[in-house]
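Student: To start, I am sharing the structure in question, which I have written as C-alpha coordinates.
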Amino acid sequence: MRATEYLVRRFCQLAQVGSNGTMPSTPRDQRITETRHRGGVSAPNRHWKFVGQAPAAPRVLRPSGPVSTRMELVLAGPIDVKPDPWQRFVAIGGLVTAVGSILSVFFVAVGLYVTNEANRKQQQLTAQGQITDRFTKAVEHLGQPGAEKVDVRLGAIYALERIMRDSAEDQRAVVDILAAFVRVHAPKAGRHAPTPMATAPAPNSVASFPRPPVDIQAALTVLGRRNATHASSSPAGLTPRPAPLDLTNTNLSGADLAHADLAGADLAGADLTGAYLAGAYLARAHLADASLADASLTDASLTDANLADADLTDAYLVYADLTGAYLANADLTDAELTDANLTRVTLTNAELTLADLTDANLAGANLTGANLNRAYLTRADLALADLTDAELTCAKTDDDTRLPNGVARPTPC
(Lines give C-alpha, C1' and ligand atoms only; values in the text may rest on other atoms or scores of the structure.)
Protein backbone atom coordinates (compact mmCIF):
# COMPACT_ATOMS: atom_id res chain seq x y z
CA MET A 1 0.00 0.00 0.00
CA ARG A 2 2.91 2.33 0.74
CA ALA A 3 4.24 1.80 -2.76
CA THR A 4 0.84 2.68 -4.21
CA GLU A 5 0.68 5.94 -2.25
CA TYR A 6 4.17 6.84 -3.40
CA LEU A 7 3.24 6.37 -7.06
CA VAL A 8 0.11 8.45 -6.62
CA ARG A 9 2.10 11.27 -5.05
CA ARG A 10 4.68 11.26 -7.88
CA PHE A 11 1.91 11.25 -10.44
CA CYS A 12 0.39 14.32 -8.83
CA GLN A 13 3.75 16.10 -8.82
CA LEU A 14 4.24 15.47 -12.53
CA ALA A 15 0.72 16.60 -13.44
CA GLN A 16 0.81 19.85 -11.50
CA VAL A 17 2.58 23.06 -12.47
CA GLY A 18 3.10 25.65 -9.80
CA SER A 19 2.58 29.30 -10.08
CA ASN A 20 6.28 29.97 -10.68
CA GLY A 21 6.50 27.55 -13.62
CA THR A 22 8.49 24.87 -11.68
CA MET A 23 7.47 21.59 -10.11
CA PRO A 24 6.63 22.00 -6.42
CA SER A 25 8.40 19.89 -3.89
CA THR A 26 5.22 19.14 -2.05
CA PRO A 27 1.86 18.35 -3.68
CA ARG A 28 -0.23 20.82 -1.74
CA ASP A 29 -3.04 21.20 -4.27
CA GLN A 30 -4.23 17.68 -4.84
CA ARG A 31 -6.60 15.28 -3.18
CA ILE A 32 -6.73 11.56 -3.48
CA THR A 33 -9.93 9.72 -2.79
CA GLU A 34 -9.91 6.02 -2.30
CA THR A 35 -13.13 4.05 -2.10
CA ARG A 36 -13.33 0.49 -1.11
CA HIS A 37 -16.42 -1.59 -0.85
CA ARG A 38 -17.25 -5.11 -0.02
CA GLY A 39 -19.94 -7.15 -1.62
CA GLY A 40 -21.16 -4.25 -3.74
CA VAL A 41 -21.58 -1.91 -0.75
CA SER A 42 -19.56 1.23 -0.83
CA ALA A 43 -17.06 1.59 1.98
CA PRO A 44 -16.47 4.89 3.69
CA ASN A 45 -14.30 7.24 1.63
CA ARG A 46 -10.78 7.79 2.84
CA HIS A 47 -9.04 11.10 2.03
CA TRP A 48 -5.35 11.86 2.40
CA LYS A 49 -3.80 15.27 2.22
CA PHE A 50 -0.09 15.12 1.45
CA VAL A 51 1.72 17.84 3.32
CA GLY A 52 5.48 17.70 3.65
CA GLN A 53 6.35 14.09 4.36
CA ALA A 54 4.34 11.08 3.31
CA PRO A 55 1.56 10.30 5.85
CA ALA A 56 1.47 7.15 7.81
CA ALA A 57 -0.13 4.25 6.10
CA PRO A 58 -3.83 3.87 6.91
CA ARG A 59 -5.28 0.82 8.41
CA VAL A 60 -5.46 -1.98 5.89
CA LEU A 61 -8.86 -3.47 5.33
CA ARG A 62 -8.88 -6.98 4.19
CA PRO A 63 -12.11 -7.56 2.39
CA SER A 64 -13.32 -11.10 1.87
CA GLY A 65 -14.61 -10.30 -1.63
CA PRO A 66 -13.24 -8.43 -4.70
CA VAL A 67 -11.91 -4.96 -4.06
CA SER A 68 -12.21 -2.06 -6.52
CA THR A 69 -10.20 1.10 -6.20
CA ARG A 70 -11.07 4.47 -7.82
CA MET A 71 -8.66 7.39 -7.76
CA GLU A 72 -9.86 10.90 -8.59
CA LEU A 73 -7.50 13.76 -9.27
CA VAL A 74 -9.01 17.17 -8.61
CA LEU A 75 -7.25 20.34 -9.70
CA ALA A 76 -7.53 23.03 -7.11
CA GLY A 77 -6.99 25.95 -9.54
CA PRO A 78 -6.25 26.98 -13.16
CA ILE A 79 -2.99 26.05 -14.81
CA ASP A 80 -0.80 29.06 -15.56
CA VAL A 81 1.64 28.18 -18.31
CA LYS A 82 4.32 30.74 -19.24
CA PRO A 83 5.29 30.84 -22.93
CA ASP A 84 8.58 29.33 -23.73
CA PRO A 85 11.01 32.00 -25.11
CA TRP A 86 12.46 29.47 -27.52
CA GLN A 87 9.04 28.66 -28.95
CA ARG A 88 8.33 32.38 -29.36
CA PHE A 89 11.60 32.78 -31.23
CA VAL A 90 10.72 29.84 -33.48
CA ALA A 91 7.25 31.34 -34.20
CA ILE A 92 8.75 34.73 -35.11
CA GLY A 93 11.28 33.02 -37.33
CA GLY A 94 8.51 31.15 -39.16
CA LEU A 95 6.59 34.40 -39.71
CA VAL A 96 9.68 36.11 -41.09
CA THR A 97 10.27 33.16 -43.41
CA ALA A 98 6.66 33.29 -44.68
CA VAL A 99 6.86 37.05 -45.34
CA GLY A 100 10.17 36.56 -47.12
CA SER A 101 8.62 33.88 -49.34
CA ILE A 102 5.71 36.15 -50.24
CA LEU A 103 8.04 39.03 -51.05
CA SER A 104 10.25 36.81 -53.18
CA VAL A 105 7.22 35.63 -55.17
CA PHE A 106 6.08 39.25 -55.59
CA PHE A 107 9.48 40.41 -56.87
CA VAL A 108 9.66 37.44 -59.24
CA ALA A 109 6.19 38.34 -60.62
CA VAL A 110 7.23 41.98 -61.06
CA GLY A 111 10.38 40.91 -62.86
CA LEU A 112 8.44 38.63 -65.18
CA TYR A 113 5.95 41.42 -65.96
CA VAL A 114 8.69 43.93 -66.74
CA THR A 115 10.47 41.40 -68.94
CA ASN A 116 7.25 40.52 -70.74
CA GLU A 117 6.45 44.19 -71.39
CA ALA A 118 9.93 44.77 -72.75
CA ASN A 119 9.61 41.73 -75.04
CA ARG A 120 6.17 42.84 -76.19
CA LYS A 121 7.38 46.32 -77.07
CA GLN A 122 10.36 44.86 -78.90
CA GLN A 123 8.04 42.57 -80.88
CA GLN A 124 5.81 45.55 -81.72
CA LEU A 125 8.78 47.53 -82.96
CA THR A 126 9.96 44.58 -85.05
CA ALA A 127 6.48 44.05 -86.51
CA GLN A 128 6.12 47.76 -87.25
CA GLY A 129 9.47 47.75 -89.01
CA GLN A 130 8.40 44.80 -91.13
CA ILE A 131 5.11 46.53 -92.03
CA THR A 132 7.01 49.68 -92.99
CA ASP A 133 9.26 47.68 -95.32
CA ARG A 134 6.26 45.94 -96.87
CA PHE A 135 4.46 49.27 -97.26
CA THR A 136 7.44 50.90 -98.99
CA LYS A 137 7.90 48.01 -101.43
CA ALA A 138 4.17 47.88 -102.24
CA VAL A 139 4.05 51.59 -103.04
CA GLU A 140 7.11 51.25 -105.28
CA HIS A 141 5.50 48.39 -107.19
CA LEU A 142 2.20 50.27 -107.49
CA GLY A 143 4.01 53.02 -109.35
CA GLN A 144 5.37 50.72 -112.05
CA PRO A 145 4.03 52.07 -115.40
CA GLY A 146 3.04 50.22 -118.53
CA ALA A 147 0.59 47.52 -119.50
CA GLU A 148 3.27 44.84 -119.07
CA LYS A 149 3.53 45.70 -115.35
CA VAL A 150 -0.13 45.15 -114.55
CA ASP A 151 0.63 41.98 -112.58
CA VAL A 152 3.17 43.90 -110.47
CA ARG A 153 0.57 46.56 -109.71
CA LEU A 154 -2.03 43.93 -108.85
CA GLY A 155 0.39 42.34 -106.39
CA ALA A 156 1.05 45.76 -104.85
CA ILE A 157 -2.68 46.45 -104.45
CA TYR A 158 -3.33 43.18 -102.63
CA ALA A 159 -0.18 43.63 -100.53
CA LEU A 160 -1.52 46.98 -99.40
CA GLU A 161 -4.83 45.34 -98.55
CA ARG A 162 -2.99 42.84 -96.34
CA ILE A 163 -1.15 45.67 -94.60
CA MET A 164 -4.47 47.45 -94.07
CA ARG A 165 -5.87 44.34 -92.38
CA ASP A 166 -2.77 43.70 -90.25
CA SER A 167 -2.28 47.27 -89.06
CA ALA A 168 -5.21 49.50 -88.20
CA GLU A 169 -2.80 52.42 -87.83
CA ASP A 170 -1.88 52.17 -91.52
CA GLN A 171 -5.40 51.75 -92.89
CA ARG A 172 -5.99 55.42 -93.60
CA ALA A 173 -2.70 55.73 -95.49
CA VAL A 174 -3.51 52.66 -97.60
CA VAL A 175 -7.01 53.95 -98.39
CA ASP A 176 -5.65 57.34 -99.40
CA ILE A 177 -2.98 55.79 -101.65
CA LEU A 178 -5.42 53.47 -103.44
CA ALA A 179 -7.99 56.25 -103.87
CA ALA A 180 -5.29 58.52 -105.29
CA PHE A 181 -4.24 55.72 -107.65
CA VAL A 182 -7.82 55.53 -108.98
CA ARG A 183 -8.17 59.31 -109.29
CA VAL A 184 -4.89 59.69 -111.16
CA HIS A 185 -5.20 56.75 -113.52
CA ALA A 186 -8.98 56.70 -114.07
CA PRO A 187 -9.96 60.36 -114.43
CA LYS A 188 -13.33 61.43 -115.69
CA ALA A 189 -13.52 62.00 -119.44
CA GLY A 190 -12.43 65.46 -120.45
CA ARG A 191 -9.80 65.73 -117.71
CA HIS A 192 -6.09 65.43 -118.41
CA ALA A 193 -5.10 61.78 -118.31
CA PRO A 194 -1.55 60.65 -117.42
CA THR A 195 0.41 57.97 -119.20
CA PRO A 196 -1.77 54.82 -119.34
CA MET A 197 -0.85 52.29 -116.70
CA ALA A 198 -3.54 49.66 -117.12
CA THR A 199 -4.35 47.10 -119.71
CA ALA A 200 -6.93 47.63 -122.40
CA PRO A 201 -10.55 47.56 -121.26
CA ALA A 202 -12.11 44.17 -120.80
CA PRO A 203 -14.98 43.05 -123.03
CA ASN A 204 -18.27 44.80 -122.49
CA SER A 205 -20.24 43.79 -119.43
CA VAL A 206 -23.75 42.43 -119.42
CA ALA A 207 -25.09 45.99 -119.43
CA SER A 208 -23.01 46.69 -122.59
CA PHE A 209 -20.73 49.12 -120.82
CA PRO A 210 -16.95 48.79 -120.88
CA ARG A 211 -15.39 47.75 -117.61
CA PRO A 212 -12.49 49.63 -116.04
CA PRO A 213 -8.93 48.27 -116.36
CA VAL A 214 -8.15 45.33 -114.11
CA ASP A 215 -5.84 47.22 -111.76
CA ILE A 216 -8.40 50.01 -111.31
CA GLN A 217 -11.11 47.42 -110.67
CA ALA A 218 -8.84 45.67 -108.14
CA ALA A 219 -8.23 48.93 -106.27
CA LEU A 220 -11.99 49.63 -106.20
CA THR A 221 -12.70 46.11 -104.93
CA VAL A 222 -10.16 46.47 -102.10
CA LEU A 223 -11.56 49.88 -101.14
CA GLY A 224 -15.11 48.58 -101.24
CA ARG A 225 -14.48 45.60 -98.97
CA ARG A 226 -12.27 47.33 -96.41
CA ASN A 227 -13.32 47.12 -92.78
CA ALA A 228 -14.52 50.66 -92.16
CA THR A 229 -14.59 50.08 -88.38
CA HIS A 230 -11.08 48.58 -88.26
CA ALA A 231 -9.46 51.93 -87.48
CA SER A 232 -11.69 52.50 -84.44
CA SER A 233 -10.42 49.26 -82.87
CA SER A 234 -6.85 50.53 -82.68
CA PRO A 235 -5.49 52.08 -79.47
CA ALA A 236 -6.80 55.55 -78.75
CA GLY A 237 -4.69 58.33 -80.14
CA LEU A 238 -2.82 56.18 -82.67
CA THR A 239 -5.28 56.39 -85.53
CA PRO A 240 -7.15 59.58 -86.42
CA ARG A 241 -10.71 59.37 -87.58
CA PRO A 242 -10.74 57.97 -91.14
CA ALA A 243 -11.20 60.60 -93.82
CA PRO A 244 -14.00 60.09 -96.35
CA LEU A 245 -13.08 58.00 -99.36
CA ASP A 246 -12.20 60.50 -102.08
CA LEU A 247 -13.14 59.32 -105.58
CA THR A 248 -14.29 62.64 -106.98
CA ASN A 249 -14.37 63.14 -110.76
CA THR A 250 -13.27 59.58 -111.49
CA ASN A 251 -14.26 57.38 -114.41
CA LEU A 252 -15.87 54.30 -112.85
CA SER A 253 -18.12 53.46 -115.76
CA GLY A 254 -19.05 49.77 -115.71
CA ALA A 255 -17.26 49.17 -112.41
CA ASP A 256 -18.33 46.25 -110.23
CA LEU A 257 -19.07 47.66 -106.80
CA ALA A 258 -21.70 45.18 -105.65
CA HIS A 259 -22.09 45.22 -101.84
CA ALA A 260 -19.25 47.71 -101.57
CA ASP A 261 -19.02 49.75 -98.39
CA LEU A 262 -18.93 53.31 -99.69
CA ALA A 263 -20.61 54.99 -96.75
CA GLY A 264 -19.74 58.65 -96.66
CA ALA A 265 -17.62 58.34 -99.82
CA ASP A 266 -17.08 61.45 -101.90
CA LEU A 267 -18.11 60.54 -105.46
CA ALA A 268 -19.09 64.02 -106.58
CA GLY A 269 -18.87 64.31 -110.35
CA ALA A 270 -17.90 60.65 -110.74
CA ASP A 271 -18.93 58.75 -113.85
CA LEU A 272 -20.73 55.60 -112.70
CA THR A 273 -22.61 55.00 -115.92
CA GLY A 274 -23.64 51.36 -116.11
CA ALA A 275 -21.91 50.59 -112.81
CA TYR A 276 -23.07 47.54 -110.87
CA LEU A 277 -23.92 48.73 -107.35
CA ALA A 278 -26.43 46.10 -106.22
CA GLY A 279 -26.55 45.98 -102.44
CA ALA A 280 -23.95 48.73 -102.14
CA TYR A 281 -23.86 50.77 -98.94
CA LEU A 282 -23.88 54.44 -99.96
CA ALA A 283 -25.37 56.00 -96.85
CA ARG A 284 -24.41 59.68 -96.56
CA ALA A 285 -22.39 59.39 -99.78
CA HIS A 286 -21.77 62.57 -101.76
CA LEU A 287 -22.95 61.93 -105.32
CA ALA A 288 -23.83 65.44 -106.42
CA ASP A 289 -23.55 65.86 -110.18
CA ALA A 290 -22.55 62.20 -110.53
CA SER A 291 -23.63 60.15 -113.52
CA LEU A 292 -25.52 56.99 -112.56
CA ALA A 293 -27.34 56.47 -115.86
CA ASP A 294 -28.20 52.81 -116.42
CA ALA A 295 -26.55 51.95 -113.09
CA SER A 296 -27.89 48.96 -111.18
CA LEU A 297 -28.71 49.96 -107.59
CA THR A 298 -31.01 47.10 -106.57
CA ASP A 299 -31.26 46.88 -102.75
CA ALA A 300 -28.70 49.65 -102.45
CA SER A 301 -28.74 51.84 -99.35
CA LEU A 302 -28.70 55.55 -100.22
CA THR A 303 -30.08 56.89 -96.95
CA ASP A 304 -29.27 60.58 -96.48
CA ALA A 305 -27.14 60.53 -99.63
CA ASN A 306 -26.62 63.72 -101.61
CA LEU A 307 -27.70 63.17 -105.23
CA ALA A 308 -28.40 66.75 -106.19
CA ASP A 309 -28.24 67.25 -109.96
CA ALA A 310 -27.28 63.59 -110.39
CA ASP A 311 -28.08 61.78 -113.64
CA LEU A 312 -30.14 58.66 -112.82
CA THR A 313 -31.67 58.18 -116.25
CA ASP A 314 -32.78 54.57 -116.70
CA ALA A 315 -31.21 53.71 -113.33
CA TYR A 316 -32.44 50.51 -111.69
CA LEU A 317 -33.44 51.31 -108.10
CA VAL A 318 -35.80 48.45 -107.26
CA TYR A 319 -36.05 47.95 -103.46
CA ALA A 320 -33.49 50.70 -102.97
CA ASP A 321 -33.59 52.64 -99.71
CA LEU A 322 -33.44 56.39 -100.35
CA THR A 323 -34.81 57.51 -96.99
CA GLY A 324 -33.92 61.14 -96.42
CA ALA A 325 -31.89 61.34 -99.66
CA TYR A 326 -31.48 64.69 -101.38
CA LEU A 327 -32.31 64.53 -105.12
CA ALA A 328 -33.14 68.12 -105.94
CA ASN A 329 -32.93 68.70 -109.71
CA ALA A 330 -31.93 65.07 -110.25
CA ASP A 331 -32.85 63.40 -113.55
CA LEU A 332 -34.77 60.16 -112.96
CA THR A 333 -36.32 59.87 -116.39
CA ASP A 334 -37.52 56.32 -117.01
CA ALA A 335 -35.88 55.19 -113.76
CA GLU A 336 -37.09 51.96 -112.16
CA LEU A 337 -38.16 52.72 -108.58
CA THR A 338 -40.53 49.82 -107.92
CA ASP A 339 -40.90 49.10 -104.17
CA ALA A 340 -38.31 51.75 -103.40
CA ASN A 341 -38.35 53.50 -100.04
CA LEU A 342 -38.54 57.23 -100.74
CA THR A 343 -39.64 58.31 -97.27
CA ARG A 344 -38.77 61.96 -96.61
CA VAL A 345 -36.82 62.16 -99.86
CA THR A 346 -36.31 65.58 -101.43
CA LEU A 347 -37.23 65.58 -105.13
CA THR A 348 -37.84 69.26 -105.68
CA ASN A 349 -37.78 70.09 -109.39
CA ALA A 350 -36.68 66.53 -110.12
CA GLU A 351 -37.38 64.97 -113.53
CA LEU A 352 -39.47 61.80 -113.09
CA THR A 353 -40.99 61.48 -116.53
CA LEU A 354 -41.93 57.83 -117.20
CA ALA A 355 -40.38 56.83 -113.89
CA ASP A 356 -41.86 53.64 -112.47
CA LEU A 357 -42.90 54.27 -108.85
CA THR A 358 -45.17 51.24 -108.49
CA ASP A 359 -45.58 50.30 -104.82
CA ALA A 360 -43.08 52.99 -103.85
CA ASN A 361 -43.33 54.62 -100.43
CA LEU A 362 -43.23 58.42 -100.77
CA ALA A 363 -44.50 59.30 -97.30
CA GLY A 364 -43.27 62.75 -96.36
CA ALA A 365 -41.51 63.20 -99.71
CA ASN A 366 -41.03 66.70 -101.07
CA LEU A 367 -42.01 66.72 -104.75
CA THR A 368 -42.44 70.44 -105.11
CA GLY A 369 -42.15 71.34 -108.79
CA ALA A 370 -41.30 67.74 -109.74
CA ASN A 371 -42.25 66.49 -113.19
CA LEU A 372 -44.23 63.23 -112.89
CA ASN A 373 -45.59 63.34 -116.41
CA ARG A 374 -46.63 59.80 -117.46
CA ALA A 375 -45.01 58.38 -114.35
CA TYR A 376 -46.31 55.06 -113.01
CA LEU A 377 -47.88 55.59 -109.60
CA THR A 378 -49.79 52.34 -109.24
CA ARG A 379 -50.27 51.50 -105.52
CA ALA A 380 -47.80 54.25 -104.65
CA ASP A 381 -48.21 56.01 -101.29
CA LEU A 382 -48.13 59.79 -101.71
CA ALA A 383 -50.68 60.61 -99.00
CA LEU A 384 -48.23 62.70 -96.97
CA ALA A 385 -46.12 63.90 -99.87
CA ASP A 386 -45.80 67.55 -100.88
CA LEU A 387 -46.93 67.82 -104.50
CA THR A 388 -47.05 71.61 -104.70
CA ASP A 389 -46.67 72.67 -108.34
CA ALA A 390 -45.86 69.08 -109.29
CA GLU A 391 -46.71 68.02 -112.84
CA LEU A 392 -48.92 64.90 -112.85
CA THR A 393 -50.13 65.00 -116.44
CA CYS A 394 -50.94 61.54 -117.72
CA ALA A 395 -49.52 59.94 -114.59
CA LYS A 396 -50.86 56.40 -114.21
CA THR A 397 -52.69 55.65 -110.95
CA ASP A 398 -55.18 53.07 -109.68
CA ASP A 399 -57.62 52.79 -106.79
CA ASP A 400 -54.79 51.86 -104.42
CA THR A 401 -52.76 54.96 -105.23
CA ARG A 402 -52.83 57.29 -102.23
CA LEU A 403 -52.71 61.01 -103.06
CA PRO A 404 -52.65 64.00 -100.70
CA ASN A 405 -55.91 65.64 -99.79
CA GLY A 406 -56.91 68.22 -102.37
CA VAL A 407 -54.83 66.72 -105.19
CA ALA A 408 -56.97 65.58 -108.10
CA ARG A 409 -56.33 62.17 -109.52
CA PRO A 410 -54.68 62.61 -112.94
CA THR A 411 -56.63 61.73 -116.04
CA PRO A 412 -55.27 58.70 -117.93
CA CYS A 413 -53.81 59.51 -121.32
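The values are calculated or read from the model by the stated rules, or taken from the named source; none is laboratory data. Treat the numbers as computed from the prediction; the structure is a model and nothing was measured. Cβ atoms come from the backbone with ideal geometry, glycine included; neighbour counts cover every protein chain shown. SASA here: full protein model, heavy atoms, side chains in, ligands and nucleic acids out. Shrake-Rupley method; radii C 1.70, N 1.55, O 1.52, S 1.80 Å.
Student: Heads up, I need the accessible area for Val152: 1.4 angstrom probe, whole protein in place, Å², nearest 10.
Tutor: Using a 1.4 Å probe on the heavy atoms, I get roughly 50 Å².
Student: Thr388 accessible area, nearest 10 Å², 1.4 Å probe?
Tutor: Surface accessible to solvent at Thr388 totals approximately 70 Å².
Student: Sorted by accessible area with a 1.4 angstrom probe, largest first, how do Ser296, Ser167, Ser104 fall?
Tutor: Ser104, Ser296, Ser167
Student: Could you compute how much accessible surface His185 exposes when probed at 1.4 Å, giving the result in Å² to the nearest 10?
Tutor: Here the accessible area works out near 60 Å².
Student: Another question about this same structure. With a 1.4 Å probe and all protein chains in place, put Cys413, Cys394 in order of accessible area, largest first.
Tutor: Sorted by accessible area, descending: Cys413, Cys394.
Student: Continuing with the same structure: What percent antiparallel are the DSSP beta bridges of segment 246-403, to the nearest 5?
Tutor: 0
Student: Show Tyr276, Tyr113, Tyr376 ordered by accessible area, largest first, where the area counts protein heavy atoms only and the probe is 1.4 Å.
Tutor: The residues order as Tyr113, Tyr276, Tyr376, largest area first.
Student: With a sphere of radius 13 Å drawn around the Cβ of Glu140, what net charge do the other residues whose Cβ falls strictly inside it have (Lys, Arg +1; Asp, Glu -1)?
Tutor: Surrounding charge for Glu140 is +3.
Student: Under 14 Å from the Cα of Lys396, which aspartates and glutamates turn up, not counting those fewer than eight places away in the same chain?
Tutor: Asp334, Asp356, Asp359, Asp381
Student: For segment 256-413, give the magnitude of the charge dipole about the Cα centre (Cβ charges: +1 Lys/Arg, -1 Asp/Glu; no others), in debye to the nearest 20.
Tutor: Result for segment 256-413 is approximately 500 debye, rounded to the nearest 20.
Student: Taking the mean number of other Cβ atoms within 10 Å as a proxy for protection, how do you rank 246-257, 397-408, 218-229 from highest to lowest?
Tutor: 246-257, 218-229, 397-408
Student: For Lys188, give me every one of the aspartates and glutamates with a C-alpha distance below 16 angstrom, ignoring sequence neighbours fewer than eight places off in its own chain.
Tutor: Qualifying aspartates and glutamates at Cα under 16 Å: Asp246, Asp266, Asp271, Asp289, Asp311.
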